Ligand code: MV4
């Protein structure tokens with residue numbers, strides 16, 4: 001069924017709100033922005049056709065207020081809501097409320113969000129479509145005895161994970177049977193506190209994996225395509241730092257196998273719109289399904305650069321009920337794209353958040369450079385949200401050209417007034433291991449440890465433990481967005497700021 005969309009409410013902030021506004025403008029759609037008190041002067045507010053206040057700065061009183069957002073949609077006559085990423089983007093209840101209010105939710109059906117939101121149900125779905133997944137249980141464990149039996153069956157080391165989790169929360173590695181009881185109790189109680197469900201399951205631990213994900217796009221007429229992969233192994237504490245497309249280790253045959261499996265999973269779950277299937281890939285190029293993210297992702301621009309497609313425009317057309325209008329053979333990958341996530345944080349101080357006034361801003365440009373950014377000189381980076389300032393993307397014919405182009409762009413970049421992680425990117429992009437694509441999910445921690453060792457320092461276990469405890473507290477908040485490790489870090493900064501006063 002075709003449904004026209006004439007006006008889109010963007011239920012988000014920052015660069016992604018601006019990204020969606022730009023897509024709407026190119027399609028001739030009117031836009032409605034929403035904002036919190038901290039974002040009165042934000043660029044997304046300036047760029048939208050209309051803008052309305054939600055409430056105070058905390059997300060729970062603003063960007064997570066689905067009720068207020070739908071009331072603004074009703075008042076302004078917006079016929080669709082684009083949730084961006086984080087906040088309400090993976091909230092099945094909100095998707096349902098939109099549809100019940102006669103407003104199109106630009107994303108998957110609530111039913112698909114629910115199926116894939118449960119990691120155990122997603123693993124069962126993977127089995128039904130013959131998708132390789134990490135060995136282990138596909139239902140919640142009944143108790144620590146069952147955990148011990150399953151672990152003995154697949155062999156240690158294993159990983160306990162929360163069924164309702166994702167993004168690394170509620171996870172415990174277990175290296176032997178003597179550790180199981182304590183790890184199980186810790187994982188189950190953390191899962192209960194963080195997600196309101198103590199259901200945990202168990203997987204074989206994959207050592208030194210790469211994190212590679214497949215972008216899919218499905219329409220409501222039964223068509224689904226994969227748009228290649230993204231290499232996301234360069235991360236720190238479950239926070240992606242650099243992403244690229246394609247992955248240096250994925251050849252045509254592996255890409256087809258992963259892509260076709262991802263499409264089968266999406267179709268079997270009744271998936272519509274943009275989604276991402278996450279995999280672990282081991283040193284032997286075995287791939288294992290991890291989870292499916294039911295939203296547009298932060299790193300979608302690298303896929304746009306190598307496919308030449310506009311993913312947000314595709315999302316909007318699919319949401320109008322249009323067919324994809326392309327088949328798998330139409331999708332050709334060309335060149336290489338690298339994205340750096342520029343954060344307001346201090347690399348010299350354990351990447352502690354560094355919000356505040358931007359006094360100077362000189363942004364890179366020129367051939368092959370794209371920047372998705374929503375800050376400007378005079379803007380005060382708020383404490384309350386994700387500290388990401390910008391996504392700097394470099395495109396080139398090869399990985400080496402893209403890498404060198406990124407280094408050139410980083411040399412042009414000046415951000416004054418706040419601390420940023422710009423220096424970190426130079427270090428990574430000049431590192432021999434990165435340049436040889438010898439990367440896995442532990443790569444960045446190893447690189448940073450080398451630096452600390454050279455300075456004769458080490459990260460204090462006490463500091464790490466306190467930080468971890470505070471992060472758990474942040475994740476506990478019932479209103480915390482499911483995919484907002486960044487937000488937890490902000491919360492952490494806020495509380496420590498409070499302690500200092
Ligand atoms: C794993 C794993 C090793 N073996 N599962 C972390 C986030 C969550 N989505 C899954 N994660 C992992 N699951 C098994 N069986 C290693 C990780 C992991 C990781 C995964 C993706 C990206 C970064 C990571 C960093 C550390 C651990």
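Candidates are the residues of segment 195-207 that are near the ligand (Cβ under 9 Å from one of its atoms) and assigned to a loop (DSSP other than H, G, I, E, B); the one that is farthest from residue 164 (Cα to Cα) is 207. Consider segment 152-166 and keep the residues that are assigned to a loop (DSSP other than H, G, I, E, B) and on the phi < 0 side of the Ramachandran plot. The one that is nearest to the chain's Cα centre (by Cα) is 165. Within segment 414-428, the set of residues being touching a strand residue (DSSP E or B) at 6+ places or on another chain (Cβ under 9 Å), surrounded by fewer than 20 Cβ atoms within 10 Å (Cβ to Cβ) and outside any loop (DSSP other than H, G, I, E, B) comprises 414, 416, 422.
Taking residue 173, is it within 12 Å of the ligand (Cβ to nearest atom), closer than 28 Å to residue 235 by Cα and either outside any helix (DSSP H, G or I) or touching a residue at least 60 places away in the same chain (Cβ under 8 Å) (or both)? For residue 173, the condition - within 12 Å of the ligand (Cβ to nearest atom), closer than 28 Å to residue 235 by Cα and either outside any helix (DSSP H, G or I) or touching a residue at least 60 places away in the same chain (Cβ under 8 Å) (or both) - is met.
Within the span defined as segment 350-360, every residue fails to be under 20 Å from residue 243 (Cα atoms), assigned to a strand (DSSP E or B) and touching a residue at least 40 places away in the same chain (Cβ under 8 Å).
A Cβ distance below 7 Å, combined with a sequence gap of six or more or placement on separate chains, defines the contacts here; from segment 151-165, residues that are farther than 12 Å from residue 134 by Cβ and away from the ligand (no atom under 12 Å from the Cβ) reach residues that are assigned to a loop (DSSP other than H, G, I, E, B) and modelled with pLDDT under 95 in the pairs 163/118; 163/197; 163/199; 164/118; 164/197; 164/199.
How many residues, within segment 361-396, are in a strand (DSSP E or B) and more than 15 Å from residue 337 (Cβ to Cβ)? Residues in segment 361-396 being in a strand (DSSP E or B) and more than 15 Å from residue 337 (Cβ to Cβ): 8 in total.
Name the one entry in 252, 244, 207, 229 that is farther than 25 Å from residue 139 by Cα and surrounded by fewer than 18 Cβ atoms within 10 Å (Cβ to Cβ).
The unique qualifying residue is 252.
A residue that is over 18 Å from residue 87 (Cβ atoms) and modelled with pLDDT under 95 occurs somewhere in segment 4-25. If you check 42, 23, 51 for being closer than 19 Å to residue 79 by Cα and in contact with a strand residue (DSSP E or B) (Cβ under 7 Å, 6 or more places away or on another chain), only one passes: 51.
With the structure loaded, tell me whether residue 267 is more than 15 Å from the ligand (Cβ to nearest atom), under 28 Å from residue 22 (Cβ atoms) and at pLDDT 95 or above or whether it fails that test. So residue 267 fails the test. Filtering segment 230-245 to residues that are within 14 Å of the ligand (Cβ to nearest atom) and either part of a strand (DSSP E or B) or over 17 Å from the mean Cα position of the chain (by Cα) (or both) leaves 230, 231, 232, 233, 234, 235, 236, 239, 240, 241, 242, 243.
For residue 409, state whether it is surrounded by 16 or more Cβ atoms within 10 Å (Cβ to Cβ) and assigned to a helix (DSSP H, G or I). So residue 409 passes the test. Looking at segment 116-137, which of its residues are outside any loop (DSSP other than H, G, I, E, B) and within 19 Å of the chain's Cα centre (by Cα)? Within segment 116-137, 116, 117, 119, 122 qualify. Against the list (1) surrounded by fewer than 20 Cβ atoms within 10 Å (Cβ to Cβ); (2) closer than 19 Å to residue 340 by Cα; (3) at pLDDT 95 or above, the condition residue 220 fails is (2).
On the basis of being more than 13 Å from the ligand (Cβ to nearest atom) and in a loop (DSSP other than H, G, I, E, B), does residue 304 make the cut? For residue 304, the condition - more than 13 Å from the ligand (Cβ to nearest atom) and in a loop (DSSP other than H, G, I, E, B) - is not met. State which residue is modelled with the lowest pLDDT when the search covers only segment 385-403 and only residues that are more than 16 Å from residue 425 (Cβ to Cβ) and within 18 Å of the chain's Cα centre (by Cα). In this case the residue turns out to be 386. Which ones in segment 310-340 are over 28 Å from residue 428 (Cα atoms) and assigned to a loop (DSSP other than H, G, I, E, B)? Listed by number, the residues that qualify are 310, 320, 321, 322, 323, 324, 325, 326, 327, 331, 332.
How many residues are surrounded by fewer than 18 Cβ atoms within 10 Å (Cβ to Cβ) and within 13 Å of the ligand (Cβ to nearest atom) if we restrict to segment 103-137? Number satisfying all stated conditions: 2. For segment 442-449, the count of residues that are over 16 Å from residue 233 (Cβ atoms) and either outside any loop (DSSP other than H, G, I, E, B) or away from the ligand (no atom under 16 Å from the Cβ) (or both) is at least one.
To keep it simple, each residue is scored yes or no on (1) touching a residue at least 40 places away in the same chain (Cβ under 8 Å); (2) within 29 Å of residue 195 (Cα to Cα).
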| position | (1), (2) |
| --- | --- |
| 31 | no, no |
| 44 | yes, no |
| 56 | no, yes |
| 65 | no, yes |
| 81 | yes, yes |
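Please work out if residue 482 is under 30 Å from residue 286 (Cα atoms), assigned to a loop (DSSP other than H, G, I, E, B) and at pLDDT below 95. Against the criterion (under 30 Å from residue 286 (Cα atoms), assigned to a loop (DSSP other than H, G, I, E, B) and at pLDDT below 95), residue 482 qualifies.
Condition check ((1) more than 26 Å from residue 86 (Cβ to Cβ); (2) surrounded by 21 or more Cβ atoms within 10 Å (Cβ to Cβ)) across all residues:
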residue	(1), (2)
139	yes, no
142	yes, no
150	yes, no
153	yes, no
161	no, yes
165	no, yes
186	yes, no
190	no, yes
193	no, no
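The values are calculated or read from the model by the stated rules, or taken from the named source; none is laboratory data. This structure is a prediction, so every number in the text was calculated from the model and none was measured. Note that we place each Cβ from the backbone using ideal geometry, even for glycine, and neighbour counts take in every protein chain shown.
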